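Structure record follows, encoded as C-alpha cells.
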Ligand code: SAH
C-alpha cells in the first residue's frame, strides 16, 4: 500500500493540466509516508485522485508524477511501456539521419521524471536524478533489458543535484561490461565522434547540439572559425567539413581537447587547419581583443551559467560578457552562433542579453536563425521547463 499526499485547496490546478511536479508548499498532509522515492497517491483537498507520484521528502519538489491513471502500477512493465513508446518516437530520427547515439529518455519530457537514458551504439547510459527513479532503478534496469536485450547498461549518476533528493553520487555497471573508451559514434551523415562514456561530461557527449553542429557547416567555407567551449570539437568537425580556412578550439578541459584532436583525424579532416587551445574562454577572448585578432565565425556554447533562479543575474552578466567580446572579434558580415543551455534563462531574456552585448560592442546584428535542442530532447507540452537550449545565429555588421 502506498501513502497518500493531500494538497491544499486549489493546488490541484497544475496537476489537472498534467504538469508533473508537486511543490512542498502545495502539500497539506502526507499520510503513511513511504520511504524516500516510494510511490504515493496524490489527492485534492476533497479526496479526489489526481496522480501517482514519487515521494521525495528531502526536496522542494515533494512529488514527481509517474502516472495520472489510478489503475497504473509503477513496476517494470510500466517502465517498459514508457521506454518502448519513447524509443518508437525516435525511430524516425534514427532512420532519417543514421545517428548511432540518441537520447532515449529525457526525464519529465518523456514522462519519466528524474530519469535520463542515452544510447551510444549498444551502450545505454542511465542517469538517475530523482528519488523516485532511484527507488525504481531495478524496475528500470529490468525494463531496459527487455527493450534492448543486446545492450550493456552503465550508470552515470555522478551529479551533484542528487543531493537535493537526498541521494549520493554514484557510477558503475548495471549490466555487462563497457567497450573500450573512447567509443566512436556517428551523427549527421557519417560524422564520427569519439565519446568517453565513463569520464566525459554528462553521459559522455552533448547529443542535444547535434542539429546545431550540422547547421554551422554552411557558414564556414573559406572562413576563420573560433569554437569557444569546444569540448571534444563537435562544432569544429562540421566547420572543417564545410571547408573552413582555419578553426581554433578553446576549452579548459585537456582530456576533451585530446579527443577533439583525434576526432579531426578519424574523420579524415585536415589537422593542419586546426588549433587546440587549453584556456579559459573569458580570458582567451579578452586577450584576442587586446591583440586585435579577427574571426569570421564564432561559436559560443558555454556550460550552464545559471543552476538556479537566484544565479540568473550573474549568469546574464556572464552571457553578456562573452557575447560582447565575441561580437567585437568578428569581421564585418561575420557570424555569431551563440547558445544558452540554462533552463532559467528564457528565450526572450537570452535574446535581450545578446542584443545588449552587441550594443556594448558597438556592433549591429540580425538574427538569421533560431536554434534549439535536437528532437530526441523533446518538450512535453504540459512541461515547458523542458525547453532549455536556445541558440541564435547572428549576422554581425
Ligand atoms: N560545444 C560542445 C559542448 C560544450 S559543453 C559540443 O557540441 O559538444 C561546455 C564546455 O565548456 C565543456 O567542454 C567545458 O569543459 C567547457 N568550459 C566550461 N567553462 C569554461 C571556461 N571558463 N573556459 C573554457 N572552457 C570552459
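Looking across 371, 330, one residue alone is touching a strand residue (DSSP E or B) at 6+ places or on another chain (Cβ under 6 Å) and buried (at least 21 other Cβ atoms within 10 Å of the Cβ). It is 330.
If you go through segment 9-19 one residue at a time, do you hit one that is farther than 21 Å from residue 117 by Cα, touching a strand residue (DSSP E or B) at 6+ places or on another chain (Cβ under 6 Å) and assigned to a strand (DSSP E or B)? Within segment 9-19, none of the residues are farther than 21 Å from residue 117 by Cα, touching a strand residue (DSSP E or B) at 6+ places or on another chain (Cβ under 6 Å) and assigned to a strand (DSSP E or B). Among the residues of segment 31-65, the ones that are in contact with a strand residue (DSSP E or B) (Cβ under 9 Å, 6 or more places away or on another chain) and either under 22 Å from residue 162 (Cβ atoms) or assigned by TED's automatic domain parsing to the domain that holds residue 135 (or both) come to 19 in all.
Of all residues in segment 313-339, none satisfies the criterion of being under 18 Å from the mean Cα position of the chain (by Cα), more than 12 Å from the ligand (Cβ to nearest atom) and in contact (Cβ under 8 Å) with a residue 60 or more places away in the chain. For segment 281-291, the set of residues classified as touching a helix residue (DSSP H, G or I) at 6+ places or on another chain (Cβ under 6 Å) and either within 12 Å of the ligand (Cβ to nearest atom) or at pLDDT below 95 (or both) consists of 285 only. When you look at residue 288, is it closer than 11 Å to residue 228 by Cβ and either over 28 Å from the mean Cα position of the chain (by Cα) or free of Cβ contacts under 8 Å to residues at least 24 places away in the same chain (or both), yes or no? Judged against the criteria, residue 288 is a match. Quick check: anything in segment 292-312 in a helix (DSSP H, G or I), within 16 Å of the ligand (Cβ to nearest atom) and surrounded by fewer than 18 Cβ atoms within 10 Å (Cβ to Cβ)? Yes, segment 292-312 contains a residue that is in a helix (DSSP H, G or I), within 16 Å of the ligand (Cβ to nearest atom) and surrounded by fewer than 18 Cβ atoms within 10 Å (Cβ to Cβ).
Of the residues that make up segment 129-151, is at least one surrounded by 15 or more Cβ atoms within 10 Å (Cβ to Cβ), at pLDDT 95 or above and either in a strand (DSSP E or B) or assigned by TED's automatic domain parsing to the domain that holds residue 217 (or both)? No. Report yes if residue 53 is within 27 Å of the chain's Cα centre (by Cα), in contact (Cβ under 8 Å) with a residue 40 or more places away in the chain and either assigned to a strand (DSSP E or B) or under 24 Å from residue 126 (Cβ atoms) (or both), otherwise no. Spelling it out, residue 53 is indeed within 27 Å of the chain's Cα centre (by Cα), in contact (Cβ under 8 Å) with a residue 40 or more places away in the chain and either assigned to a strand (DSSP E or B) or under 24 Å from residue 126 (Cβ atoms) (or both).
Just one of the listed residues (360, 348, 356) is under 22 Å from the mean Cα position of the chain (by Cα), assigned to a helix (DSSP H, G or I) and assigned by TED's automatic domain parsing to the domain that holds residue 227, and it is 348.
The values are calculated or read from the model by the stated rules, or taken from the named source; none is laboratory data. In this text, all values refer to a predicted model and were calculated from it rather than measured experimentally. Note: ideal-geometry Cβ built from the backbone for every residue, glycine included; neighbour counts use all protein chains shown.
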